[in-house]
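Here the structure is laid out as structure tokens; the discussion comes afterwards.
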Amino acid sequence: MAGVGEAAAPGEGGGGGGANGQERDGRGETEQPGSSGARGPPPTPQHTETLGFYESDRLRERRRSRAELSLLRFLSAELTRGYFLEHNEAKYTERRERVYTCMRIPRELEKLMVFGIFLCLDAFLYVFTLLPLRVFLALFRLFTLPCYGLRDRRLLQPAQVCDILKGIILVICYFMMHYVDYSMMYHLIRGQSVIKLYIIYNMLEVADRLFSSFGQDILDALYWTATEPKERKRAHIGVIPHFFMAVLYVFLHAILIMVQATTLNVAFNSHNKSLLTIMMSNNFVEIKGSVFKKFEKNNLFQMSNSDIKERFTNYVLLLIVCLRNMEQFSWNPDHLWVLFPDVCMVIASEIAVDIVKHAFITKFNDITADVYSEYRASLAFDLVSSRQKNAYTDYSDSVARRMGFIPLPLAVLLIRVVTSSIKVQGILSYACVILFYFGLISLKVLNSIVLLGKSCQYVKEAKMEEKLFNPPPTSTPGKPSNKSQNKSKSSQEENPSASVTSQPTHQKENVIPLLVTSNSDQFLTTPDGDEKDITQENSELKHRSSKKDLLDIDRFTICGNRID
């Protein structure tokens, strides 16, 4: 009996009491998780009170998840899926600022364009109004000089010599333009096919930019050769060869602009207007050539100046076309309304192309719209600095260097067209011409006064007025002396309230004239800061030889888009 009981005891513990044993083992495992020792990681805790129900819920969830993997479930998830934009706030803020910049571009760009067009108009009216008067005064001084005696070594001031040269060039080129037959040129161009005229017009635009880039250098070389001090060693070919080069340049550039105006006139008078449409679509090709290129502030400033010059030149070409068409129709006012839609179409396409081009250039290159106010202040600084005592050039020449707009060829062509289109006969006609001339003088003076006031305002807003009284930077072959710099600085500090419209003072003969550059050229390329020694600036300029001033960039790469 004892043996059976002893045998049955293990059976109850191992076989008959299996469920209890499992429960006991389960309790042991759950109650003593650390009893396994070093046999392995502890098992995960289980919910023993609801073990059976837990197992059934897990199977039920698995079956339910399989049943819910359907197309409707996917569509419901896609329709109700959410996200939070504030998790990337900086990115979306930048996108919004880009949109606001593109919206501000038309307003800021047109402000710059209007200001630049009035600058070109002021330089253009100067040729017809004040330049003849200045030439008359210079000739009067030259002829009456023996009566007053030779007080100075110079017969004429350098500005007067330049004015006489400009007047002589205008007169010679005007008489040379009489040998160019406008009617024969019109019929010759009209007989060409549309594709040929399209190619010719594109070639003329490129040639005009090249002529503008090189022409001002020819005129500057003539002015400097004629006014260079005689004490220096001669390093030029002479005044007469430079003069003939300048006359040839002005004549050829005037013929080039005449061909442009004739081509535009043919496009206006074509029956199906196909040529005019092709020429307008040519402006949109300009977007492709410039938008997808890398631009910096200096490159964009150069492009803006080129657009200003191009828009003003187109306005003058449209004026010439209207004058020629009105002459052919005996000055019938009804025909002017026929030309008016086409003129508005050309102007609107030019404005739209400029806005789209500048909007995408600023967007792709992360340039803010405030840069156009800096460009406007730089142009205003050129105007204000040309009225200073240390001015080194006339304002019309400064506009030519900055924007590539040379008024002499365009003035020669306009005088030729006006004199051939309008016949002056009788005393009343001459009286009307005199009144018209005085009206032009009044317009020029009013425009100059308004521009000078707005320029002073823009310079003050840009905080550049202190640069007006600083001595202009000089470049000489040798090292400049610090004493002369200190003297000039102290003299300008003593007289800070110098008049803007005062005449430049005459330098002594024994002083070597210095080649002066404008302070506005460094406005967009160098940051504002304390002035350093001249020797240190020269050493820095040697290391920064790759960077160019704006004046050099505009003169020599006016037809390029990329400046390294």
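Of the residues that make up the stretch 144-155, is at least one exposed (fewer than 15 other Cβ atoms within 10 Å of the Cβ), closer than 30 Å to PRO241 by Cβ, in contact with a Leu (Cβ under 9 Å, 6 or more places away or on another chain) and of a type outside the set (S, T, N, Q)? Yes: the stretch 144-155 contains one or more residues that are exposed (fewer than 15 other Cβ atoms within 10 Å of the Cβ), closer than 30 Å to PRO241 by Cβ, in contact with a Leu (Cβ under 9 Å, 6 or more places away or on another chain) and of a type outside the set (S, T, N, Q). Across the stretch 328-351, the number of residues qualifying as open to solvent by 90 Å² or more (accessible area, probe 1.4 Å), among the polar types (S, T, N, Q) and under 17 Å from THR277 (Cα atoms) comes to 0. Evaluated against (1) over 23 Å from ASP366 (Cβ atoms); (2) open to solvent by 60 Å² or more (accessible area, probe 1.4 Å); (3) hydroxyl-bearing (Ser, Thr, Tyr), TYR100 falls short on exactly one condition, (1).
Restricted to the stretch 169-202, and to residues there that are surrounded by 11 or more Cβ atoms within 10 Å (Cβ to Cβ), of a type in the set (A, V, I, L, M) and free of Cβ contacts under 8 Å to residues at least 24 places away in the same chain, the residue that is nearest to SER420 (Cα to Cα) is VAL171. Scanning the stretch 388-418 for residues that are of a type in the set (Lys, Arg) and either crowded, with 20+ Cβ neighbours inside 10 Å or assigned to a helix (DSSP H, G or I) (or both) returns ARG401, ARG402, ARG416.
Residue by residue through the stretch 71-87, note down the ones that are of a type outside the set (A, V, I, L, M) and surrounded by 10 or more Cβ atoms within 10 Å (Cβ to Cβ). Spell out how you get there, then give the answer.
Taking the stretch 71-87 as the starting set, the residues that turn out to be of a type outside the set (A, V, I, L, M) are 73-74, 76, 78, 80-84, 86-87.
Those that are of a type outside the set (A, V, I, L, M) and surrounded by 10 or more Cβ atoms within 10 Å (Cβ to Cβ): ARG73, PHE74, SER76.
Within the stretch 383-400, residues that are without any contact (Cβ under 8 Å) to a residue 12 or more places away in the chain reach partners that are in a helix (DSSP H, G or I) with beta carbons closer than 8 Å, at six or more positions or on different chains, in the pairs THR393/ARG401.
Is it the case that PHE284 is over 18 Å from the mean Cα position of the chain (by Cα) and in contact (Cβ under 8 Å) with a residue 24 or more places away in the chain? Taking the combined requirement at face value, the residue does not satisfy it. Summed over the stretch 260-275, the residues that are open to solvent by 30 Å² or more (accessible area, probe 1.4 Å) and not polar (S, T, N, Q) give a count of 2. Search the stretch 118-144 for residues that are of a type in the set (S, T, N, Q) and pair each with any residue that is modelled with pLDDT of 90 or more when their beta-carbon atoms are under 6 Å apart and the residues are at least 6 apart or on different chains. Taking only residues 6 or more apart or on different chains, the pairs are THR129/LEU440; THR129/ILE441; THR129/LYS444.
Here SER421, SER429 are screened, and the one residue that is in contact (Cβ under 8 Å) with a residue 24 or more places away in the chain and more than 20 Å from LYS309 (Cβ to Cβ) is SER421.
Suppose the filter is open to solvent by 30 Å² or more (accessible area, probe 1.4 Å), hydrophobic (A, V, I, L, M, F, W, C) and not in a helix (DSSP H, G or I); does PHE284 pass it? Spelling it out, it is not the case that PHE284 is open to solvent by 30 Å² or more (accessible area, probe 1.4 Å), hydrophobic (A, V, I, L, M, F, W, C) and not in a helix (DSSP H, G or I). Considering (1) of a type in the set (A, V, I, L, M, F, W, C); (2) assigned to a loop (DSSP other than H, G, I, E, B); (3) open to solvent by 90 Å² or more (accessible area, probe 1.4 Å); (4) modelled with pLDDT of 85 or more, the lone condition that ILE237 does not fulfil carries the number (4).
Residue pairs whose Cβ atoms lie under 9 Å apart, separated by 6 or more positions or on different chains, with the first residue in the stretch 324-336 and closer than 19 Å to SER183 by Cβ and the second among the aromatic types (Phe, Trp, Tyr) and in a helix (DSSP H, G or I), are ARG324/TYR182; ARG324/TYR186; ASN325/PHE268.
May I ask you to verify whether LEU300 is on the phi < 0 side of the Ramachandran plot, in contact with a helix residue (DSSP H, G or I) (Cβ under 8 Å, 6 or more places away or on another chain) and open to solvent by 20 Å² or more (accessible area, probe 1.4 Å)? Explain how you work it out, then say what you get.
Numbers: on the phi < 0 side of the Ramachandran plot: yes; in contact with a helix residue (DSSP H, G or I) (Cβ under 8 Å, 6 or more places away or on another chain): yes; open to solvent by 20 Å² or more (accessible area, probe 1.4 Å): no.
Spelling it out, it is not the case that LEU300 is on the phi < 0 side of the Ramachandran plot, in contact with a helix residue (DSSP H, G or I) (Cβ under 8 Å, 6 or more places away or on another chain) and open to solvent by 20 Å² or more (accessible area, probe 1.4 Å).
The values are calculated or read from the model by the stated rules, or taken from the named source; none is laboratory data. Note that this is a predicted model, so its numbers are computed, not measured. Heads up, the Cβs are rebuilt from the backbone with ideal geometry, glycines too, and the neighbour counts pull from every protein chain shown. The area values use the complete protein model at the heavy-atom level, side chains included, leaving out ligands, DNA and RNA. Shrake-Rupley method; radii C 1.70, N 1.55, O 1.52, S 1.80 Å.
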